[in-house]
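Here's the structure, in structure tokens; my notes come after.
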Amino acid sequence: MILFFVFQSLYLYTMENLLHDRFQLAINQIQLWHGEQQRKYSFEPYWTHPVTVASIVADYLASDEAILAALFHDVVEDTPFGPHDIFSFVREHYVHADPTLVTDTVMDLTNRYEKDLCPGLNQAERHRLETLRLSRISPFAQSIKYGDITHNCTSIREFAPTYARQYLAQKREILHVMNKGHHLLLEKALAVVHSI
């Protein structure tokens, strides 16, 4: 447990410096909303994933909306909190950010074809439909998805190498059609998915 708190403190210190103090309230909120969730293969606290995605995105898109959408990108999909909670939080704590843009982007990034939402569809069909949907989301949302893919693929490659070949192949398919976002973020994601 002590090691966890040391890791958490060090991670927060590093990410705070990268994301500036103005996003600390949002980081605290995703810690609260994601609670005790852990990353599937690394077992890190789940909230470290959206913070990492936000830091990747921040290197290319400096707007508050981009960083906030990256921080909240898995809230609707993975927690009991919804778009109204995100909208209200952004409106109250980030008055210069557009809460509609942040919330709409999070909804664009929320998988509509999860297994529990589509029990009659097999994995291949769900993946096909989600890939098609992602090809149609806004370039802004696609840019944030590139950061998500970059971090997920890097993590899968490190912590689940036997699954990485299949996972990265699926992400290559997505990036082939989801190509309207920030070109440097897309290049970064493509480099990772082509690394195996």
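The values are calculated or read from the model by the stated rules, or taken from the named source; none is laboratory data. This is a predicted model, so every value here is computed, not measured. Heads up, the Cβs are rebuilt from the backbone with ideal geometry, glycines too, and the neighbour counts pull from every protein chain shown.
Couple of notes before you dig in:
- Residue tally, condition under 20 Å from the mean Cα position of the chain (by Cα) and under 16 Å from residue 169 (Cα atoms), over the stretch 106-127: 2
- Residue check, residue 111 more than 26 Å from residue 28 (Cα to Cα), in contact with a helix residue (DSSP H, G or I) (Cβ under 9 Å, 6 or more places away or on another chain), of a type in the set (S, T, N, Q) and in a loop (DSSP other than H, G, I, E, B): no
- Within the set 141, 164, 169, the sole residue that is more than 22 Å from residue 181 (Cα to Cα) and either more than 13 Å from the chain's Cα centre (by Cα) or in contact (Cβ under 8 Å) with a residue 40 or more places away in the chain (or both) turns out to be 164.
- Residue 137 being among the β-branched types (Val, Ile, Thr), over 25 Å from residue 32 (Cα atoms) and outside any helix (DSSP H, G or I): yes
- Among (1) in contact with a Pro (Cβ under 6 Å, 6 or more places away or on another chain); (2) under 19 Å from residue 51 (Cα atoms), the one test that residue 147 misses: (1)
- Cβ-Cβ distances below 6 Å connect the following pairs, each with a first residue in the stretch 88-101 that is in contact (Cβ under 8 Å) with a residue 12 or more places away in the chain, a second residue that is surrounded by fewer than 16 Cβ atoms within 10 Å (Cβ to Cβ), and a separation of six or more residues or different chains: 93/25; 99/91.
- Looking across the stretch 177-196 at every residue that is among the small types (Gly, Ala, Ser) and in a helix (DSSP H, G or I), the one that is surrounded by the most Cβ atoms within 10 Å (Cβ to Cβ) is identified as 189.
- A search for C-beta distances below 8 Å between a residue of the stretch 7-36 that is farther than 14 Å from residue 54 by Cβ and any residue that is at pLDDT 95 or above and polar (S, T, N, Q), counting only pairs 6+ apart in sequence or on different chains, returns 33/79; 35/79.
- Residues of the stretch 30-48 that are within 15 Å of the chain's Cα centre (by Cα) and of a type in the set (S, T, N, Q): 31, 37, 38, 48.
- Number of positions in the stretch 83-103 that are closer than 18 Å to residue 31 by Cβ and either among the charged types (D, E, K, R) or outside any helix (DSSP H, G or I) (or both): 3
- The helices (runs of 4 or more DSSP H) falling completely within the stretch 1-78 that include 2 or more residues that are at pLDDT 95 or above, surrounded by 14 or more Cβ atoms within 10 Å (Cβ to Cβ) and on the phi < 0 side of the Ramachandran plot map to 24-34, 48-58, 64-72, 75-78.
- Residue within the stretch 159-176 that is farther than 22 Å from residue 39 by Cβ and not in a helix (DSSP H, G or I) present: no
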